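Before any comments, here is the structure.
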Amino acid sequence: MARIGIADVAQAAGVSEATVSRVINNRGTVATGTRKTVEEAMRTVGYVRAHAGSLVMLVTPGLVDPFFAQMADRIVVGLGLHGLRGVVCSAPVGGAQELDFASAMLDAGAVGSIFVSASNTLENADPGVYRLLESRAVPYVCINGAAGGSNAPVLSTDDRLAAEISVDHLWRLGHRRIGLIAGPKGNRPSDRRVDGFLAAMKSRGATGPDAPVVRHEYSVEGGVSAASRLCEDPAVTAIVAASDEMALGAIRSARWTGLQIPADLSVVGYDDALPLEFFDPPLTSVRQPTERIAAAVVQMLIGLIRGRDVSETELFFSPELIVRSSTAPAPSTDH
């Protein structure tokens, strides 16, 4: 039987879903008469407040990274509009904690799971957590990477396109030797960005030393270390980074060597989840479509929970380049 959600209550009560949400969560101001109308509609349509059978597990590698925090927040809000409660489980990517969380959540009556750039991003990750969910017939959806050997739906940012639009932007500014700072090998989004970057450079006639790639950890420190290697080549005039944190590390590293951003070196980040317009300089970045992915993954998981057939083909969402002041025309080679 289909689950009764907030939308059903809102329709029966003749109010907005936001009003129903405020009544259910006892937040905000709702007129007494409206509250009574909503509560009567809940009884009429058979809406059941959150309980064990309405829990959804969100597995994320952490909430310190603003992209993961924003994605988790949007998903939890979206689930709430359908009478479901998202429980965020922060676990190291590929660690045993994912399986521990899944066991506990299943015991608590979880009805679904969402992997937010978790072990599903790793090649050759232990499939134990997915096999456990499948053995209990609990559906799950993955973001930014497919779980190995699984037919679960996958929704991803088009990382190859992200690399292409970064290179295109810099190329149009006159940069010809462009470096890439990427994440670790075996990380699916990172590998895709490397493939996209190399393809974009090759299509423009640049290969080998004109398209250097350095891999490191997704962190400011990783960006510092990787950029220091790229900047050993004075011909490199631009860097594409696989995260905003890495981009900020690249800027720090460049400044330590006396380079000015963007006069001597242009830098492009990735995610656009930080308030980058307030950095010095404001960082040009490729924005992941967090809102669209979150909304789509909620609808897809609800469809699975209700027994509907959903596409097993990976869905790709187009990112957007947000141009700020960390990129500029390539420095002149005239002496």
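Descriptive notes on the structure:
- Scan of the range 149-158 for residues that are part of a strand (DSSP E or B) and either of a type outside the set (S, T, N, Q) or modelled with pLDDT under 90 (or both), ordered by number: VAL154, LEU155
- The one condition in (1) within 18 Å of THR157 (Cα to Cα); (2) surrounded by fewer than 19 Cβ atoms within 10 Å (Cβ to Cβ) that TYR218 fails to fulfil: (2)
- Taking the range 68-81 as the range and being open to solvent by 10 Å² or more (accessible area, probe 1.4 Å) and either of a type outside the set (Val, Ile, Thr) or not in a helix (DSSP H, G or I) (or both) as the test, the residues that pass are PHE68, ALA69, GLN70, ASP73, ARG74, GLY78, GLY80, LEU81.
So that you can scan it fast, the table gives a plain yes or no per residue for (1) within 30 Å of ALA328 (Cα to Cα); (2) in a helix (DSSP H, G or I); (3) more than 16 Å from the chain's Cα centre (by Cα):
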residue: GLY83; (1), (2), (3): no, no, yes
residue: LEU99; (1), (2), (3): no, yes, yes
residue: SER103; (1), (2), (3): no, yes, yes
residue: ARG131; (1), (2), (3): no, yes, yes
residue: ARG160; (1), (2), (3): yes, yes, no
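- Answer residue from the range 172-196, given it is surrounded by fewer than 18 Cβ atoms within 10 Å (Cβ to Cβ) and in contact with a strand residue (DSSP E or B) (Cβ under 8 Å, 6 or more places away or on another chain) and is nearest to THR237 (Cα to Cα) among those: LEU173
- Within the set ASP264, ASP280, ASP309, the sole residue that is open to solvent by 40 Å² or more (accessible area, probe 1.4 Å), under 25 Å from ALA146 (Cβ atoms) and among the acidic types (Asp, Glu) turns out to be ASP309.
- For the range 285-312, the set of residues classified as at pLDDT 95 or above and among the hydroxyl-bearing types (Ser, Thr, Tyr) consists of SER285, THR290, listed by residue number.
- Sole exception among (1) open to solvent by less than 40 Å² (accessible area, probe 1.4 Å); (2) without any contact (Cβ under 8 Å) to a residue 40 or more places away in the chain for ARG160, by number: (1)
- Candidate set from the range 197-207 (those that are open to solvent by 10 Å² or more (accessible area, probe 1.4 Å) and among the small types (Gly, Ala, Ser)); member that is nearest to VAL224 (Cα to Cα): ALA199
- Test: residue in the range 286-305 that is within 24 Å of LEU170 (Cα to Cα) and open to solvent by 80 Å² or more (accessible area, probe 1.4 Å): yes
To keep it simple, each residue is scored yes or no on (1) more than 27 Å from the chain's Cα centre (by Cα); (2) at pLDDT 90 or above.
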position: VAL48; (1), (2): yes, no
position: HIS51; (1), (2): yes, no
position: VAL56; (1), (2): no, yes
position: THR60; (1), (2): no, yes
position: VAL64; (1), (2): no, no
position: GLN70; (1), (2): no, yes
position: VAL76; (1), (2): no, yes
position: GLY80; (1), (2): no, yes
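- Residue match in the range 135-148 (condition: at pLDDT below 95 and part of a strand (DSSP E or B)): no
- Matching option when the condition is open to solvent by 10 Å² or more (accessible area, probe 1.4 Å), closer than 23 Å to GLU123 by Cβ, of a type in the set (Val, Ile, Thr) and touching a residue at least 12 places away in the same chain (Cβ under 8 Å), among VAL213, VAL141: VAL213
- Within the range 316-332, at least one residue is open to solvent by 60 Å² or more (accessible area, probe 1.4 Å), at pLDDT 95 or above, farther than 25 Å from VAL59 by Cβ and not in a loop (DSSP other than H, G, I, E, B).
The values are calculated or read from the model by the stated rules, or taken from the named source; none is laboratory data. A quick note: this is a predicted structure, and the numbers were derived from the prediction, not measured. Every residue, glycine as well, gets a Cβ built from its backbone with ideal geometry; the counts of neighbours run over all protein chains shown. Protein only, heavy atoms only, side chains kept; ligands, DNA and RNA dropped before computing areas. Shrake-Rupley method; radii C 1.70, N 1.55, O 1.52, S 1.80 Å.
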